[in-house]
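**Q** Below is a structure I'd like to ask you about.
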Amino acid sequence: MFKMSQSLSLQDLRGEVGEFYLDLLGYKPKQTSLEQIPKNQWNNFTQTRGLDSNSSGVYLPRNQIAITRGENPLSLFHEYFGHGLYCEQSILGKKLVDLEKELLEEEKQEFSFGKFTLEDVQKFRAGNQNFQELDELRKQNLVQYETFAIWTEYLLSGEFGLNDDFEKKYDSLDGQEKEVVDSAINFSETCGNLATFYAGGLARRTTSERVGKLLGDIYGDKLKDVEFALIYGSKNEFSDIDVFMVGKNPLEFHFDWLDVKMQSLRDLRKGISDFDVRTIIPLMNGEFIFGDRDYFEQAKQQVLSQPITNEAIKHNLKWSFRMQRLRDENLDDDFLRNKFDRYSKTYLANALALRNGVRLFTKEDFISYSHSETNILMKGGVKIECN
């Protein structure tokens with residue numbers, strides 16, 4: 001924990017927190033600017049803009065400006081690192097900013113001639129479709145938007161020695177607000193800070209070190225039973241994080257932002273022998289996170305060197321048919337229907353490739369092969385003789 005100096009200015013504190021965020025998340029606020037309004041000017045500032053004069057700060061998405069009342073660290077945490085980072089690094093926040101900027105351009109055109117009052121602006125917004133969409137987005141996401149900012153105060157107050165200040169802020173919340181904030185705090189204490197950022201919808205910059213920390217926060221001592229862990233998949237910052245682990249005990253974990261699949265050592269051996277896509281794709285494309293690297297490399301080498309058998313071809317055909325059945329049983333569920341349909345096609349493509357003596361390793365290869373049974377040599381594929 002960083003012990004905050006009483007002489008540390010808000011700008012200096014912003015720099016210290018920025019470094020903390022770069023280490024934890026891989027990014028910090030970049031588009032957001034910080035403005036400080038002296039306490040004796042706050043009432044006039046807020047009243048002329050129709051803002052709440054009782055607040056200690058405000059964030060303006062259309063300008064991406066975090067404004068604090070004087071030298072207020074908690075306001076910096078809430079507005080600049082809470083709302084600011086949310087609007088820069090989450091899909092919902094980016095949409096909020098885009099809508100605000102579109103509305104700003106419309107208002108500039110509407111009021112480009114002559115003087116206008118705050119009432120004129122309010123009347124214009126009442127009939128503006130863009131404002132209606134923006135207002136609905138705010139209402140739908142207000143709880144998440146504010147909860148994330150208050151949890152940010154909690155996190156940074158603990159990291160920078162301002163727990164007493166946060167306790168005063170917490171005591172001022174009403175019962176329902178405390179309940180929502182408590183839920184976020186409990187989640188962070190159980191699963192860690194990274195998990196809380198990601199569950200809040202922020203971008204996921206997935207390096208092996210960062211995902212290793214994430215898994216350590218979630219699983220703790222249970223990771224001692226893991227032989228090795230890999231990160232695979234698209235690694236898109238707004239897609240779920242795909243992790244493949246091999247170990248003694250099942251440790252699977254599924255959120256909309258994290259999908260941890262785990263196989264026992266026996267399942268890994270069988271998956272390799274059968275060229276099962278659920279084993280081959282993560283094993284051959286995954287980035288090593290931690291564990292026994294030699295064991296991991298030996299498993300990959302076995303995929304390359306072992307013979308293709310009729311049993312492996314039959315295994316993939318069998319699972320293709322199973323996935324087809326599951327697809328047909330879930331026609332009313334778009335997510336499950338599409339999921340099982342993709343698996344069915346992938347297993348079928350793998351069976352066809354293996355029959356032709358080709359080992360496929362990437363999703364792109366499976367997709368290509370599903371369109372052309374005669375496509376033998378592809379990126380990631382190795383042609384061999386079938387025994």
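**Q** Would segment 186-202 turn up any residue that is in contact with a helix residue (DSSP H, G or I) (Cβ under 6 Å, 6 or more places away or on another chain) and charged (D, E, K, R)?
**A** Scanning segment 186-202, I find no residue that is in contact with a helix residue (DSSP H, G or I) (Cβ under 6 Å, 6 or more places away or on another chain) and charged (D, E, K, R), so the answer is no.
**Q** Additional query: Restricting to segment 30-67, what's the tally of residues that are among the hydroxyl-bearing types (Ser, Thr, Tyr) and modelled with pLDDT under 95? Quick ask: steps written out before the conclusion?
**A** Residues of segment 30-67 among the hydroxyl-bearing types (Ser, Thr, Tyr): 32-33, 46, 48, 53, 55-56, 59.
Restricting the remaining residues to those that are modelled with pLDDT under 95 gives 46, 48, 53, 55-56.
Qualifying residue count, segment 30-67: 5.
**Q** Considering only residues that are within 18 Å of Met262 (Cα to Cα) and charged (D, E, K, R), look in segment 230-246 and name the one that is surrounded by the most Cβ atoms within 10 Å (Cβ to Cβ). Before the answer, list the steps.
**A** So the first thing to find is which residues in segment 230-246 are within 18 Å of Met262 (Cα to Cα), and the list is 230-233, 240-246.
Checking which are charged (D, E, K, R) leaves us with 240, 242.
Working: Asp240: 17, Asp242: 21.
This residue is Asp242.
**Q** Let me ask something additional. So, in segment 266-314, of the ones that are of a type outside the set (D, E, K, R) and without any contact (Cβ under 8 Å) to a residue 24 or more places away in the chain, which residue ends up surrounded by the most Cβ atoms within 10 Å (Cβ to Cβ)? Give the steps one after another, and end with the answer.
**A** Keep residues of segment 266-314 that are of a type outside the set (D, E, K, R), which gives 268, 271-273, 275, 277, 279-286, 288-291, 295-296, 298-299, 301-310, 312-313.
If we keep only those that are without any contact (Cβ under 8 Å) to a residue 24 or more places away in the chain too, we end up with 271, 279, 298, 301, 305, 310.
Working: Gly271: 21, Thr279: 23, Gln298: 10, Gln301: 10, Ser305: 8, Asn310: 11.
The residue in question is Thr279.
**Q** For segment 169-274, which helices (runs of 4 or more DSSP H) that fit wholly inside it have 3 or more residues that are closer than 30 Å to Leu352 by Cβ? Full working, then the answer.
**A** Working: elements: 175-191, 193-199, 208-219, 265-273.
Where helices (runs of 4 or more DSSP H) fall fully within segment 169-274 and carry at least 3 residues being closer than 30 Å to Leu352 by Cβ, they are 265-273.
**Q** How many residues are modelled with pLDDT of 85 or more and aliphatic (A, V, I, L, M) when one looks only at segment 328-387?
**A** Of the residues in that region, 10 qualify.
**Q** Right, here's the next one. Restricting attention to segment 215-246, report how many residues are more than 12 Å from the chain's Cα centre (by Cα) and on the phi < 0 side of the Ramachandran plot.
**A** Total meeting the criteria: 22.
**Q** Can you spot a residue in segment 56-77 that is of a type in the set (A, V, I, L, M, F, W, C), over 27 Å from Phe160 (Cβ atoms) and within 25 Å of the chain's Cα centre (by Cα)?
**A** If we filter segment 56-77 for residues that are of a type in the set (A, V, I, L, M, F, W, C), which is where we start, we get 58, 60, 65-67, 74, 76-77.
Next cut, over 27 Å from Phe160 (Cβ atoms) only: none.
Looking through segment 56-77, none of the residues is of a type in the set (A, V, I, L, M, F, W, C), over 27 Å from Phe160 (Cβ atoms) and within 25 Å of the chain's Cα centre (by Cα).
**Q** Go through segment 301-321 and report how many residues are in a helix (DSSP H, G or I) and either more than 16 Å from Phe275 (Cβ to Cβ) or more than 32 Å from the chain's Cα centre (by Cα) (or both). Spell out the reasoning first.
**A** To start, the set of residues in segment 301-321 that are in a helix (DSSP H, G or I) comprises 301-305, 310-321.
Add one more test, that the residue is either more than 16 Å from Phe275 (Cβ to Cβ) or more than 32 Å from the chain's Cα centre (by Cα) (or both), and what stays is 301-302, 304-305, 310-318, 321.
Within segment 301-321, residues that are in a helix (DSSP H, G or I) and either more than 16 Å from Phe275 (Cβ to Cβ) or more than 32 Å from the chain's Cα centre (by Cα) (or both) number 14.
**Q** Just one of Asn130, Asn186 is surrounded by 14 or more Cβ atoms within 10 Å (Cβ to Cβ) and among the polar types (S, T, N, Q); which is it? Break it down stepwise before answering.
**A** Details: Asn186 fails: surrounded by 14 or more Cβ atoms within 10 Å (Cβ to Cβ).
After ruling out the rest, the residue left standing is Asn130.
**Q** For segment 278-324, which residues satisfy the criterion of being of a type in the set (S, T, N, Q) and touching a strand residue (DSSP E or B) at 6+ places or on another chain (Cβ under 8 Å)?
**A** Initial filter on segment 278-324 (of a type in the set (S, T, N, Q)): 279, 285, 298, 301-302, 305-306, 309-310, 316, 320, 324.
The answer is Thr279, Asn285.
**Q** Which one is farthest from the chain's Cα centre (by Cα) among residues in segment 193-211 that are surrounded by fewer than 18 Cβ atoms within 10 Å (Cβ to Cβ) and in contact (Cβ under 8 Å) with a residue 60 or more places away in the chain?
**A** Ser208
**Q** For segment 149-168, does any single residue satisfy the condition of being surrounded by fewer than 16 Cβ atoms within 10 Å (Cβ to Cβ) and not in a helix (DSSP H, G or I)?
**A** yes
**Q** Checking the condition surrounded by fewer than 19 Cβ atoms within 10 Å (Cβ to Cβ), outside the structural domain of Ser234 (by TED's automatic domain parsing), of a type in the set (Phe, Trp, Tyr) and part of a helix (DSSP H, G or I), which residue from Phe340, Phe335, Phe366 passes? Break it down stepwise before answering.
**A** On the way: Phe340 fails: surrounded by fewer than 19 Cβ atoms within 10 Å (Cβ to Cβ); Phe366 fails: surrounded by fewer than 19 Cβ atoms within 10 Å (Cβ to Cβ).
Going through Phe340, Phe335, Phe366 in turn, just one is surrounded by fewer than 19 Cβ atoms within 10 Å (Cβ to Cβ), outside the structural domain of Ser234 (by TED's automatic domain parsing), of a type in the set (Phe, Trp, Tyr) and part of a helix (DSSP H, G or I): Phe335.
**Q** Here's another thing I want to ask about it. Take the residues of segment 52-92 that are surrounded by fewer than 22 Cβ atoms within 10 Å (Cβ to Cβ) and small (Gly, Ala, Ser): which is farthest from Leu155 (Cα to Cα)?
**A** Across segment 52-92, the extreme among qualifying residues is Ser53.
**Q** For segment 256-289, which positions are aromatic (Phe, Trp, Tyr) and under 21 Å from the mean Cα position of the chain (by Cα)? Don't jump to the end; show me each part of the working.
**A** As a first pass, look at segment 256-289 and keep what is aromatic (Phe, Trp, Tyr): 257, 275, 288.
Result: Trp257, Phe288.
**Q** Of these, Lys39, Lys30, which one is of a type outside the set (Ser, Thr, Tyr), surrounded by fewer than 16 Cβ atoms within 10 Å (Cβ to Cβ), within 21 Å of Leu155 (Cα to Cα) and touching a residue at least 24 places away in the same chain (Cβ under 8 Å)? Don't jump to the end; show me each part of the working.
**A** Working: Lys39 fails: within 21 Å of Leu155 (Cα to Cα).
One residue alone meets the criteria, Lys30.
**Q** Among the residues that make up segment 117-125, is at least one of them among the β-branched types (Val, Ile, Thr) and loosely packed, with under 14 Cβ neighbours inside 10 Å? Break it down into steps so the answer makes sense when it comes.
**A** Within segment 117-125, the first condition is being among the β-branched types (Val, Ile, Thr), and the residues that meet it are 117, 121.
Within this subset, residues satisfying the condition of being loosely packed, with under 14 Cβ neighbours inside 10 Å are 117.
Scanning segment 117-125 turns up at least one residue that is among the β-branched types (Val, Ile, Thr) and loosely packed, with under 14 Cβ neighbours inside 10 Å.
**Q** Kindly indicate which of Arg49, Arg14 is surrounded by 11 or more Cβ atoms within 10 Å (Cβ to Cβ), within 21 Å of Leu118 (Cα to Cα) and of a type outside the set (A, V, I, L, M, F, W, C).
**A** Numbers: Arg14 fails: within 21 Å of Leu118 (Cα to Cα).
The unique qualifying residue is Arg49.
The values are calculated or read from the model by the stated rules, or taken from the named source; none is laboratory data. Quick caveat: nothing in here was measured; it's all calculated off a predicted structure. Positions of Cβ are backbone-derived with ideal geometry, glycine not excepted, and every protein chain shown enters the neighbour counts.
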